[in-house]
Amino acid sequence: MRHLLEIDDLSSDDLLAILGHSEQPEPDPVLAGRGVALLFAKPSARTRSSMEMAVAQLGGHPVTIRGEEVGFDVRETVEDIGRTLTCYHAAIGARVFEHQLLERLAAASGVPVVNLLSDDAHPLQALADLLTIRQCLGGLAGRRLAYVGDANNVARSLGLACGLVGMGFRIASPDGFGFAEEDLDRLRATGCEPMTTNQPDEAVSGADVVYTDVWASMGQEDQIEDRRRTFAGFTVDDRLMALAQPESIFLHCLPAHRGEEVSAEVADGPRSRIWEQAENRMHTARGLLLWMCQE
Ligand code: CP
Ligand code: NVA
(Lines give C-alpha, C1' and ligand atoms only; values in the text may rest on other atoms or scores of the structure.)
(Ligands and ions follow the chains in the order given, each with its own letter.)
Protein backbone atom coordinates (compact mmCIF):
# COMPACT_ATOMS: atom_id res chain seq x y z
CA MET A 1 0.00 0.00 0.00
CA ARG A 2 1.24 3.46 -0.91
CA HIS A 3 1.05 5.94 1.96
CA LEU A 4 2.47 9.44 1.53
CA LEU A 5 3.56 10.81 4.90
CA GLU A 6 6.71 12.56 3.67
CA ILE A 7 7.93 13.20 0.15
CA ASP A 8 10.84 10.77 0.46
CA ASP A 9 8.33 7.94 0.87
CA LEU A 10 8.47 8.26 -2.94
CA SER A 11 11.40 7.30 -5.16
CA SER A 12 12.59 9.77 -7.79
CA ASP A 13 10.77 7.70 -10.42
CA ASP A 14 7.53 7.70 -8.38
CA LEU A 15 7.75 11.45 -7.99
CA LEU A 16 8.25 12.07 -11.69
CA ALA A 17 5.42 9.62 -12.50
CA ILE A 18 3.07 11.61 -10.23
CA LEU A 19 4.07 14.88 -11.94
CA GLY A 20 3.32 13.18 -15.27
CA HIS A 21 -0.10 12.00 -14.02
CA SER A 22 -0.78 15.57 -12.81
CA GLU A 23 -0.62 16.86 -16.39
CA GLN A 24 -2.88 14.17 -17.89
CA PRO A 25 -5.72 16.08 -19.57
CA GLU A 26 -8.34 13.31 -19.27
CA PRO A 27 -7.52 11.05 -16.33
CA ASP A 28 -9.42 7.78 -15.81
CA PRO A 29 -12.22 8.13 -13.21
CA VAL A 30 -10.38 5.76 -10.85
CA LEU A 31 -12.43 6.90 -7.84
CA ALA A 32 -15.87 6.39 -9.41
CA GLY A 33 -18.29 5.32 -6.69
CA ARG A 34 -15.61 5.63 -3.98
CA GLY A 35 -15.01 8.06 -1.13
CA VAL A 36 -11.94 9.85 0.19
CA ALA A 37 -11.96 11.04 3.82
CA LEU A 38 -10.19 14.35 4.49
CA LEU A 39 -9.52 15.06 8.17
CA PHE A 40 -8.50 18.56 9.29
CA ALA A 41 -7.20 19.32 12.78
CA LYS A 42 -5.91 22.72 11.50
CA PRO A 43 -7.41 25.33 9.14
CA SER A 44 -6.95 25.15 5.35
CA ALA A 45 -7.91 27.08 2.21
CA ARG A 46 -5.86 25.39 -0.53
CA THR A 47 -5.45 21.84 0.73
CA ARG A 48 -9.11 21.22 1.44
CA SER A 49 -10.39 22.71 -1.82
CA SER A 50 -7.68 21.25 -4.04
CA MET A 51 -8.12 17.76 -2.58
CA GLU A 52 -11.91 17.90 -2.76
CA MET A 53 -11.76 19.01 -6.40
CA ALA A 54 -9.14 16.38 -7.26
CA VAL A 55 -11.32 13.62 -5.80
CA ALA A 56 -14.35 14.92 -7.71
CA GLN A 57 -12.36 15.10 -10.97
CA LEU A 58 -11.53 11.40 -10.59
CA GLY A 59 -15.22 10.53 -10.11
CA GLY A 60 -15.04 10.12 -6.32
CA HIS A 61 -16.79 11.72 -3.35
CA PRO A 62 -14.75 13.69 -0.81
CA VAL A 63 -15.89 13.72 2.82
CA THR A 64 -14.22 16.53 4.78
CA ILE A 65 -14.20 16.09 8.55
CA ARG A 66 -13.02 18.61 11.19
CA GLY A 67 -10.62 17.20 13.77
CA GLU A 68 -12.96 17.92 16.65
CA GLU A 69 -15.73 15.89 15.01
CA VAL A 70 -13.76 12.67 15.27
CA GLY A 71 -11.75 13.71 18.35
CA PHE A 72 -8.36 12.04 17.78
CA ASP A 73 -7.54 10.04 20.93
CA VAL A 74 -10.32 11.84 22.81
CA ARG A 75 -13.55 10.46 21.37
CA GLU A 76 -11.76 7.31 20.22
CA THR A 77 -8.26 6.22 19.31
CA VAL A 78 -6.59 7.29 16.10
CA GLU A 79 -6.34 3.61 15.19
CA ASP A 80 -10.11 3.09 15.52
CA ILE A 81 -10.76 6.21 13.40
CA GLY A 82 -8.50 4.77 10.68
CA ARG A 83 -10.20 1.36 10.81
CA THR A 84 -13.63 3.00 10.65
CA LEU A 85 -12.83 5.24 7.67
CA THR A 86 -11.31 2.25 5.85
CA CYS A 87 -14.86 0.79 5.74
CA TYR A 88 -16.06 3.60 3.46
CA HIS A 89 -13.12 5.19 1.68
CA ALA A 90 -10.50 4.47 -0.95
CA ALA A 91 -7.98 6.74 0.83
CA ILE A 92 -7.65 8.88 3.95
CA GLY A 93 -6.01 12.32 4.10
CA ALA A 94 -5.21 14.00 7.41
CA ARG A 95 -3.89 17.41 8.51
CA VAL A 96 -2.55 17.11 12.05
CA PHE A 97 -0.19 18.67 14.57
CA GLU A 98 1.90 15.65 15.61
CA HIS A 99 3.40 13.78 12.67
CA GLN A 100 3.43 10.56 14.70
CA LEU A 101 -0.36 10.54 14.62
CA LEU A 102 -0.17 10.01 10.84
CA GLU A 103 2.16 7.08 11.32
CA ARG A 104 -0.35 5.48 13.70
CA LEU A 105 -3.20 6.18 11.29
CA ALA A 106 -1.26 4.60 8.40
CA ALA A 107 -0.37 1.54 10.48
CA ALA A 108 -4.01 0.90 11.39
CA SER A 109 -5.76 1.83 8.12
CA GLY A 110 -6.49 -0.59 5.32
CA VAL A 111 -6.26 2.17 2.66
CA PRO A 112 -3.53 4.67 1.68
CA VAL A 113 -3.00 7.60 4.07
CA VAL A 114 -1.90 11.00 2.75
CA ASN A 115 -0.32 13.72 4.89
CA LEU A 116 -2.30 16.92 4.32
CA LEU A 117 0.33 18.78 6.48
CA SER A 118 1.79 17.94 9.84
CA ASP A 119 4.13 19.92 12.09
CA ASP A 120 7.00 18.09 10.35
CA ALA A 121 6.08 17.76 6.68
CA HIS A 122 3.94 19.03 3.79
CA PRO A 123 4.55 16.61 0.90
CA LEU A 124 1.49 17.66 -1.14
CA GLN A 125 2.87 21.19 -1.24
CA ALA A 126 6.24 19.91 -2.48
CA LEU A 127 4.55 18.10 -5.38
CA ALA A 128 2.88 21.32 -6.50
CA ASP A 129 6.12 23.24 -6.04
CA LEU A 130 8.04 20.89 -8.32
CA LEU A 131 5.35 20.91 -11.01
CA THR A 132 5.33 24.72 -10.96
CA ILE A 133 9.13 24.91 -11.22
CA ARG A 134 9.16 22.42 -14.09
CA GLN A 135 6.46 24.31 -15.97
CA CYS A 136 8.09 27.72 -15.41
CA LEU A 137 11.76 26.79 -15.91
CA GLY A 138 11.38 23.93 -18.37
CA GLY A 139 13.10 21.32 -16.15
CA LEU A 140 14.16 20.42 -12.62
CA ALA A 141 17.59 18.73 -12.50
CA GLY A 142 20.39 21.23 -11.98
CA ARG A 143 18.12 24.16 -11.04
CA ARG A 144 19.01 25.88 -7.76
CA LEU A 145 16.35 26.69 -5.17
CA ALA A 146 16.93 29.08 -2.26
CA TYR A 147 14.56 28.89 0.72
CA VAL A 148 14.64 31.91 3.03
CA GLY A 149 13.11 31.63 6.50
CA ASP A 150 12.01 29.08 9.06
CA ALA A 151 13.20 25.48 8.51
CA ASN A 152 9.65 24.22 8.95
CA ASN A 153 7.36 21.53 7.52
CA VAL A 154 7.24 23.16 4.06
CA ALA A 155 11.03 23.66 3.92
CA ARG A 156 11.67 20.06 4.99
CA SER A 157 9.48 18.50 2.29
CA LEU A 158 10.71 20.97 -0.33
CA GLY A 159 14.37 20.22 0.41
CA LEU A 160 13.77 16.47 0.16
CA ALA A 161 11.84 16.96 -3.08
CA CYS A 162 14.70 19.00 -4.55
CA GLY A 163 17.12 16.23 -3.62
CA LEU A 164 14.96 13.57 -5.27
CA VAL A 165 14.91 15.41 -8.61
CA GLY A 166 18.54 16.56 -8.63
CA MET A 167 17.93 20.21 -7.79
CA GLY A 168 20.31 22.23 -5.64
CA PHE A 169 18.87 23.31 -2.27
CA ARG A 170 20.05 26.22 -0.13
CA ILE A 171 18.42 27.44 3.05
CA ALA A 172 18.97 30.67 4.96
CA SER A 173 17.51 30.74 8.48
CA PRO A 174 18.28 32.71 11.64
CA ASP A 175 20.51 30.83 14.09
CA GLY A 176 18.38 28.36 16.03
CA PHE A 177 15.71 28.15 13.29
CA GLY A 178 17.60 26.01 10.77
CA PHE A 179 17.43 22.27 10.16
CA ALA A 180 18.49 19.80 12.83
CA GLU A 181 21.36 17.47 11.97
CA GLU A 182 18.92 14.58 11.44
CA ASP A 183 17.01 16.67 8.86
CA LEU A 184 20.27 17.37 7.03
CA ASP A 185 21.17 13.66 7.08
CA ARG A 186 17.78 12.79 5.61
CA LEU A 187 18.29 15.42 2.91
CA ARG A 188 21.71 14.03 2.08
CA ALA A 189 20.17 10.56 1.73
CA THR A 190 18.29 11.86 -1.33
CA GLY A 191 21.60 12.76 -2.97
CA CYS A 192 21.37 16.45 -2.11
CA GLU A 193 24.21 18.43 -0.49
CA PRO A 194 22.24 21.24 1.14
CA MET A 195 23.87 24.62 1.65
CA THR A 196 22.86 26.17 4.98
CA THR A 197 23.54 29.74 6.06
CA ASN A 198 22.19 32.51 8.25
CA GLN A 199 22.72 35.01 5.39
CA PRO A 200 19.77 35.32 2.95
CA ASP A 201 22.02 37.07 0.39
CA GLU A 202 24.37 34.09 0.29
CA ALA A 203 21.53 31.61 -0.28
CA VAL A 204 19.74 33.66 -2.94
CA SER A 205 22.78 34.69 -5.03
CA GLY A 206 22.43 33.03 -8.45
CA ALA A 207 19.31 31.03 -7.49
CA ASP A 208 16.70 30.03 -10.09
CA VAL A 209 13.86 29.79 -7.55
CA VAL A 210 13.42 31.84 -4.36
CA TYR A 211 10.95 30.41 -1.85
CA THR A 212 9.66 31.50 1.54
CA ASP A 213 6.96 30.62 4.06
CA VAL A 214 5.45 32.22 7.15
CA TRP A 215 7.65 32.94 10.18
CA ALA A 216 5.15 31.36 12.58
CA SER A 217 3.34 28.22 11.45
CA MET A 218 -0.06 27.02 12.61
CA GLY A 219 0.30 26.16 16.30
CA GLN A 220 3.07 28.78 16.84
CA GLU A 221 0.81 31.84 16.87
CA ASP A 222 1.85 32.71 20.43
CA GLN A 223 5.49 33.08 19.25
CA ILE A 224 4.78 35.58 16.48
CA GLU A 225 6.12 38.70 18.25
CA ASP A 226 9.41 37.02 19.14
CA ARG A 227 9.69 35.55 15.68
CA ARG A 228 9.09 38.93 14.00
CA ARG A 229 12.15 40.23 15.86
CA THR A 230 14.26 37.14 15.12
CA PHE A 231 13.39 37.01 11.42
CA ALA A 232 13.88 40.74 10.76
CA GLY A 233 16.21 40.88 7.74
CA PHE A 234 14.76 37.67 6.25
CA THR A 235 12.06 39.36 4.16
CA VAL A 236 12.16 38.40 0.48
CA ASP A 237 12.05 41.82 -1.17
CA ASP A 238 13.16 43.36 -4.47
CA ARG A 239 16.70 43.91 -3.16
CA LEU A 240 17.07 40.20 -2.34
CA MET A 241 15.42 39.05 -5.59
CA ALA A 242 17.93 41.19 -7.53
CA LEU A 243 20.67 38.78 -6.36
CA ALA A 244 18.94 35.77 -7.96
CA GLN A 245 19.12 34.85 -11.66
CA PRO A 246 17.46 37.42 -13.94
CA GLU A 247 14.89 34.79 -15.02
CA SER A 248 14.32 33.48 -11.49
CA ILE A 249 10.85 32.95 -10.05
CA PHE A 250 9.38 33.52 -6.61
CA LEU A 251 7.24 30.85 -4.88
CA HIS A 252 5.32 30.76 -1.58
CA CYS A 253 3.08 27.93 -0.36
CA LEU A 254 0.58 30.52 1.03
CA PRO A 255 -0.98 31.86 3.17
CA ALA A 256 1.41 34.84 2.81
CA HIS A 257 1.97 37.73 5.19
CA ARG A 258 3.01 40.64 3.01
CA GLY A 259 5.47 42.88 4.85
CA GLU A 260 6.80 39.97 6.93
CA GLU A 261 8.40 37.04 5.07
CA VAL A 262 7.75 38.63 1.65
CA SER A 263 7.20 42.18 0.43
CA ALA A 264 4.02 42.95 -1.50
CA GLU A 265 6.18 44.00 -4.47
CA VAL A 266 7.64 40.50 -4.74
CA ALA A 267 4.49 38.50 -3.87
CA ASP A 268 2.46 40.42 -6.44
CA GLY A 269 5.33 41.23 -8.81
CA PRO A 270 6.38 39.95 -12.24
CA ARG A 271 8.54 37.07 -10.97
CA SER A 272 5.88 35.70 -8.63
CA ARG A 273 4.28 32.40 -9.67
CA ILE A 274 2.24 31.92 -6.48
CA TRP A 275 -1.12 31.56 -8.23
CA GLU A 276 0.19 28.99 -10.74
CA GLN A 277 1.61 27.19 -7.70
CA ALA A 278 -1.73 27.35 -5.84
CA GLU A 279 -3.59 25.99 -8.88
CA ASN A 280 -1.05 23.19 -9.18
CA ARG A 281 -2.07 21.99 -5.72
CA MET A 282 -5.22 20.62 -7.39
CA HIS A 283 -3.45 19.09 -10.39
CA THR A 284 -0.80 17.38 -8.27
CA ALA A 285 -3.39 16.14 -5.74
CA ARG A 286 -5.23 14.54 -8.67
CA GLY A 287 -1.96 13.13 -10.05
CA LEU A 288 -1.12 11.62 -6.66
CA LEU A 289 -4.55 10.01 -6.21
CA LEU A 290 -4.42 8.66 -9.75
CA TRP A 291 -1.00 7.14 -9.10
CA MET A 292 -2.07 5.73 -5.70
CA CYS A 293 -5.36 4.25 -6.79
CA GLN A 294 -4.58 3.15 -10.34
CA GLU A 295 -1.30 1.26 -10.12
N1 CP B 1 -0.43 25.82 1.23
C2 CP B 1 -1.39 25.27 1.99
O3 CP B 1 -1.30 24.10 2.41
O4 CP B 1 -2.46 26.07 2.20
P5 CP B 1 -3.65 25.77 3.21
O6 CP B 1 -3.06 25.77 4.60
O7 CP B 1 -4.62 26.89 3.00
O8 CP B 1 -4.25 24.45 2.87
N1 NVA C 1 4.35 26.34 7.58
C2 NVA C 1 2.97 26.68 7.44
C3 NVA C 1 2.45 26.17 6.12
C4 NVA C 1 1.01 26.46 5.84
C5 NVA C 1 0.57 25.87 4.52
C6 NVA C 1 2.15 26.10 8.59
O7 NVA C 1 2.42 24.95 8.98
O8 NVA C 1 1.29 26.78 9.09
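Taking each DSSP H run with n ≥ 4 as -39500 (n - 2.57) and averaging over every residue of the chain yields -12000 deg cm²/dmol at 222 nm. Between amide H atoms placed 1.01 Å from N, distances below 5 Å from LEU39 occur with ILE65, GLY93, ALA94, ARG95, all of them 5 or more places distant or on a separate chain.
With contacts taken as Cα pairs under 8 Å at a separation of at least 6 residues, region 151-230 carries a relative contact order of 29 percent. With all projection directions averaged, the alpha carbon convex hull of the chain covers 14.2 nm². Across the chain, the relative contact order, built from alpha-carbon pairs under 8 Å that are at least six residues apart, equals 21 percent. The mean sequence distance of close C-alpha pairs (under 8 Å, at least 6 residues apart), as a share of the length of region 42-131, puts its relative contact order at 22 percent. In terms of accessible area, using a 1.4 Å probe and ignoring ligands and nucleic acids, HIS99, HIS257, HIS61 rank largest first as HIS61, HIS257, HIS99.
The calculated FRET efficiency for ARG75 paired with ASP201, based on their beta-carbon distance and R0 = 35 Å, is about 0.10. Computed from the C-beta positions of GLU181 and HIS61 and an R0 of 51 Å, the FRET efficiency is 0.70 to the nearest 0.05.
Using a 1.4 Å probe on the protein chains only, how many percent of the accessible area of the chain belongs to carbon and sulfur? That fraction is 48 percent. The residues of region 176-295 expose on average 46 square angstrom of accessible surface per residue, using a 1.4 Å probe on protein heavy atoms.
Using θ = phi - 60° in the Karplus curve 6.51 cos²θ - 1.76 cosθ + 1.60, the 3J(HN,Hα) couplings for region 93-106 round to x, 8, 10, 9, 7, 6, 4, 4, 4, 5, 5, 5, 4, 5 Hz; x is entered for Gly and Pro. Largest accessible area first, the listed residues ASP213, ASP237 line up as ASP237, ASP213 when surface is computed with a 1.4 Å probe on the assembled protein chains.
Working note: Karplus 6.51/-1.76/1.60 with θ = phi - 60° gives region 16-22 the couplings 5, 5, 5, 4, x, 4, 5 Hz, where Gly and Pro are set to x. Over the C-alpha atoms of region 186-250, the Rg to Rh ratio, Rh being the Kirkwood estimate, stands at 1.03. For the chain, the longest principal axis of the Cα atoms and the long axis of helix 46-57 meet at an angle of about 50 degrees.
The values are calculated or read from the model by the stated rules, or taken from the named source; none is laboratory data. Here the structure is a predicted model, which means the values were calculated and not measured. Counting neighbours? That spans all protein chains shown, and the Cβs are built from the backbone with ideal geometry, glycine included. When the accessible area is computed, the model is the full protein with side chains, heavy atoms only, and any ligands, DNA or RNA have been set aside. Shrake-Rupley method; radii C 1.70, N 1.55, O 1.52, S 1.80 Å.
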